[in-house]
């Protein structure tokens, strides 16, 4: 057998496939198991636009999303992975507004029970969690 026969495309193709499989792993991305998470955030029954939604699972990194004009959001765990870690998550929702023009401090319009002292919880399941809806309440007198 000469060198050309040994390195023929027909013989190298299976080796290349095996090598690529070993590099990519058996299912792709390493890290915690995620479930995709999406839903709607409302405030007193009305969509809450431009709110930040964070899901915190124990001591791991949070998943985050931003609500659109209709209050809809979808969580992202990393730049390449969508979703949140499977299991119970503490949910923190903030909707700070800019006071005036320029660089001014932001004022939180939601009660602390939805963010800094959150009472919100969501149990993320493996697969799709398209019902992670939150109907927040705020008295008309302010946050």
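Derivation of every value follows stated rules applied to the coordinates shown; laboratory data play no part. Owing to the predicted nature of the structure, the values given are computational and were not obtained by experimental measurement. Please note: Cβ atoms are built from the backbone with ideal geometry, for glycine as well, and neighbour counts cover all protein chains shown.
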Checklist entry - Got the relative contact order for segment 34-135 handy, in percent, Cα pairs under 8 Å and 6 or more residues apart? => result 35
Checklist entry - Which residues does a label at residue 66 reach in segment 31-59, if reach means a backbone N under 14 Å from a point 7 Å past the Cα toward the Cβ? => result 49-54
Checklist outcome for this item: In nm, the gap between the two label points placed 7 Å beyond Cα toward Cβ at residue 120 and residue 135 is 1.5
Next on the checklist: Could you check the spin-label model distance between residue 46 and residue 88? Points 7 Å from the Cα along Cα→Cβ, value in nm.
Outcome noted: 3.5
Item to check | Difference of contour (0.36 nm per residue) and Cα-Cα distance, residue 107 to residue 30 | outcome: 23.9 nm
